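Worksheet for the structure shown next.
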Amino acid sequence: MTNTFKPETILGYIPGVLKALPITMEILFLSLLIGSILGALIATANLSNNILLRKMSSGYISFMRGIPTLVLIFLLYLGLPQIALNIGIDMSNINKSIYIIACLSLNTSANLAEMMRSSYLAVGKGQCEAAYSIGMKSFTAFRRIVLPQAFGIAIPTLGNNIIILLKDTSLAFAIGVIDMMGKGRALSAASYGSNRLEVYMATGIIFWVLCIILEYSSKSAEKAYTKGRKQSAS
Amino acid sequence: MEYMVQLENIHKSFGKNQILKGVNMNIRKGEVVVILGPSGSGKTTLLRTINFLDSANEGSISVSNFKVNCNKHSKSQVIELRRKTAMVFQNYNLFQNKTILENVMEGLIVVKKYNKKEAKKVSMEILDKVGLLERCDYYPSQLSGGQQQRAGIARALIMDPDVILFDEPTSALDPELVGEVLNTIKAVSQTGITMIVVTHEISFAKEVASRVVFMEGGNIVEEGKPTEMLVNPKEPRTQQFLKRII
Ligand SMILES: Nc1ncnc2c1ncn2[C@@H]1O[C@H](COP(=O)(O)OP(=O)(O)O)[C@@H](O)[C@H]1O
Ligand SMILES: [Mg+2]
């Protein structure tokens, strides 16, 4: 077998793979949005006084963090339509991207809920009490005093979660969505796999660069947001 | 109006631990009441029941004739009571995400609905009084403990409360910073505002208090004029306590 690896061609595949960047970004953005809303609800349930709500949200978080994303994707993509068919609902017309967005939203919502819960708890109780002591209502105190501080505390974790989510979008190819990973696979298949090493290296480089950008943004956001102020009061 | 603050039969338990065992107190307008007592005697809890940071299990609280029943109160009653009181905390509890000026303005803007310009003007005046004008754009973490506590006093004062509650305002401070805060509190007391101060600073109590209350085990053991209480207390428990801390 001869060595067919042509490193000089790697960069040439980047534009081709990048054509699917909008799809990857769409999946990332929508999953993040839906996951955040879901995560906020779950975090609220987890912090409530209701034992049932607490148990349910803890169970949800534990399950979603424990199950591999790919397993969840197959469960939803292959399993759910089957169950639905049994009760007379045809799900075959649903866009595949929607399954991916649903799975990633569910998956990331657990991480985001955990992030929100611990950031909330990291803001000292005294901050709320001080707000109450001058006559603020509890929602106002949350919005003006606790939330801004919790957000500052959460920024690094949020950055990490977005990076994990970005990488997980590449699982979309598994059910045939043409995201960047899917695009890379298609490019490789078009030349019968002869260039697959180069194509996947190009794909890897793109993800890597995106992660570097995200990491840098998260660091600067944290710096800008917390300038001068100490986070996490006693 | 007879009394500014009336506490009637305040009981408070945490779980099975009874912390306050029926405290009664009547405070006239302009009085400065200093509460003394060993650690764990319920002083902090008593102050916190007055503004419902902890709600008492039994009894009633009235501030400038607004009376709230402790075991039967609504949210809006609690808010109204809190708007008649203000608190200065042992650990300052300044809003960490806001500058000193913003800390002081916050209550005016959010609670009293001042516009920003007005709120700023009034806040600057108060900050000038507590000697923090030059530090108004700093964040709490950039200030010394003494400066933070003076800002805490300004944040309480600006709400124009009927009574200010001080919970050991100097006990988290380095010794060399205690003086500046006590002087600020002294100045506040001279404006005629009603105050309840928990402190271990005996000489401060002698100078500023109109009444000294000694608490132990969730009860008021003895109370009286500072000259009597601090020099010739009647109760042996008070005598013992004073001997230990002087
Ligand atoms: N949130 C709480 N939960 C349980 N116990 C508490 C709580 N707050 C105070 N206590 C208990 O109440 C007692 C009185 O506390 P505190 O009012 O802080 O006393 P002091 O201020 O006089 O030192 C202490 O034994 C303390 O452990
Ligand atoms: Mg105390």
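The values are calculated or read from the model by the stated rules, or taken from the named source; none is laboratory data. It should be emphasised that the depicted structure is a prediction, and the values quoted were computed from it without experimental measurement. Methodologically, a virtual Cβ is constructed for each residue, glycine included, from the backbone with ideal geometry; neighbour enumeration extends over all protein chains shown. For accessibility, only protein heavy atoms count, side chains too; no ligands or nucleic acids. Shrake-Rupley method; radii C 1.70, N 1.55, O 1.52, S 1.80 Å.
Within 17 Å of the chain's Cα centre (by Cα), more than 16 Å from ligand 2 (Cβ to nearest atom) and either within 14 Å of chain A (Cβ to nearest Cβ) or within 22 Å of B:THR199 (Cβ to Cβ) (or both): does that describe B:ASN51? Taking the combined requirement at face value, the residue does not satisfy it. Among residues of the range A:129-152 that are at the interface with chain B (Cβ under 7 Å from one of its Cβ atoms) and closer than 19 Å to B:SER76 by Cα, those with a Cβ under 9 angstrom from a residue that is open to solvent by 10 Å² or more (accessible area, probe 1.4 Å) and polar (S, T, N, Q), sequence gap 6+ or separate chain, pair up as A:GLU129/B:ASN93; A:ALA130/B:ASN93; A:TYR132/A:SER138; A:SER133/B:ASN93. Listed by position, the helices (runs of 4 or more DSSP H) contained in the range B:105-207 that have at least 2 residues being within 14 Å of another protein chain (Cβ to nearest Cβ) and small (Gly, Ala, Ser) are B:116-129, B:145-157.
Scanning the range B:79-104 for residues being open to solvent by 10 Å² or more (accessible area, probe 1.4 Å) and either within 29 Å of B:TYR3 (Cβ to Cβ) or within 9 Å of chain A (Cβ to nearest Cβ) (or both) gives a total of 14. When B:LEU94, B:LEU20, B:LEU7 are checked against the criterion of being within 16 Å of ligand 2 (Cβ to nearest atom) and among the hydrophobic types (A, V, I, L, M, F, W, C), B:LEU20 stands alone in meeting it.
For the range B:208-246, filtered to residues that are closer than 28 Å to B:SER13 by Cβ and either in a loop (DSSP other than H, G, I, E, B) or within 14 Å of chain A (Cβ to nearest Cβ) (or both), the residue that is nearest to ligand 1 (Cβ to nearest atom) is B:GLY218.
Residue by residue, here is whether (1) more than 19 Å from A:LYS167 (Cα to Cα); (2) free of Cβ contacts under 8 Å to residues at least 12 places away in the same chain holds:
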position	(1), (2)
A:MET56	yes, yes
A:MET64	no, no
A:VAL71	no, yes
A:LEU78	yes, yes
A:ALA84	yes, yes
A:ILE89	yes, yes
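Quick check on my filter: what residues within the range B:170-198 are within 16 Å of ligand 2 (Cβ to nearest atom) and more than 24 Å from B:SER64 (Cα to Cα)? Of everything in the range B:170-198, those that are within 16 Å of ligand 2 (Cβ to nearest atom) and more than 24 Å from B:SER64 (Cα to Cα) turn out to be B:THR170, B:SER171, B:ALA172, B:LEU173. Here B:GLU2 meets each of (1) away from ligand 2 (no atom under 14 Å from the Cβ); (2) closer than 24 Å to B:SER203 by Cα with one exception, condition (2).
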